[in-house]
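All remarks here apply to the structure that follows.
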Amino acid sequence: MEGGNEIEGAKRSAPPIVAGYIRVSSRSQDYEYQRHAIQLAARARGELVHLWYGDVASGRSMDRPQLLKLRDAIRAHRVQRLWVWRIDRLTRSGIVDTLSCINEIRLAGCAVASVADGFALDGPAADVILAVLAWAAQLERQKIRENLAAARARLALQGRHMGPTPVPTHVRALVKELSDAGLSIRRVARAAGISKSSVWNILHEVPIVKLAV
C-alpha cells in the first residue's frame with residue numbers, strides 16, 4: 001500500500017509534457033521567431049518544450065495537418081501544457097472557434113499559455129479576455145482583406161496587376177542548378193537573392209508543353 005502511494009505521488013509530481021504550436025500564413029514567412037519566443041517564455045517558467053507542431057496555413061480554417069495532430073495528442077492526454085506565440089496562431093476565424101478550441105483543450109486537462117498576448121488565459125476572466133483577443137484578430141484579418149482589395153483596385157486603375165515580380169530566366173536557371181547541387185531552399189533563396197516561396201514555386205512549377213498545331 002505504501003509503494004502504491006509512492007507511485008501515485010511520483011505521477012502527481014512529474015513535470016508536464018509541454019508542446020508548442022507555431023503557424024505562419026505563407027512559405028515566405030519564417031516562424032523561427034515564434035519558436036524562439038516560446039522557448040524563452042517556457043524556460044522562464046522552468047519548462048522545456050518537448051513537442052513542436054507547426055503549420056504554414058491561414059488561420060481561417062481549423063483543418064490544418066499539424067493542428068489536427070496536436071488536438072489528437074491533447075485529447076489523448078499526451079500534452080499537459082500548450083504554448084503559442086499568440087492565440088491567433090491557433091485560429092483567426094472568430095470568437096466562437098477560438099472559445100471552442102480553447103475549451104476543448106482545457107477539457108482534456110491541458111493548460112494554454114500565450115507569449116505575446118499579455119494576459120493570463122486561466123481564471124474567471126479568461127473567456128472574456130479570449131473573446132476580446134479573438135475579436136481583435138478577426139478585425140485585423142478583415143482589415144488585411146480590405147487593404148488588399150484597395151491595392152488591387154488602385155493597381156487596376158493604373159493598368160497593372162497585383163502579384164509577384166517575375167523572376168528572370170537566368171535566376172530561375174541558377175535556382176534549379178543550386179537545388180540540383182543539394183542546397184536547401186533557404187540557402188538557394190539567399191544565393192539567388194529571392195524569397196523562399198519564389199524558390200519553392202520555381203522548383204515545383206509544372207512545365208508548359210506546347211502542342212504542335
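Annotations
- Protection proxy ranking of 166-178, 52-64, by the mean of other Cβ atoms within 10 Å over each peptide's residues and highest first, is 52-64, 166-178.
- Here the simple spin-label model places points 7 Å from the Cα toward Cβ, and for A191 and E104 these points are separated by 4.3 nm.
- Segment K176-R27, length gained on full extension (0.36 nm per residue, minus Cα span): 51.8 nm
- Taking only Cα atoms of segment 12-59, radius of gyration then Dmax in Å: 12.6, 43
- Long-range amide H partners of W52 with built H, under 5 Å: G20
- Spin-label proximity, S184 to segment 44-85 - amide N less than 18 Å from point 7 Å beyond Cα toward beta carbon: 52-56
Taken together, the values in this text are just the output of simple stated rules run on the coordinates, not laboratory data. This is a predicted model, so every value here is computed, not measured. Cβ atoms come from the backbone with ideal geometry, glycine included; neighbour counts cover every protein chain shown.
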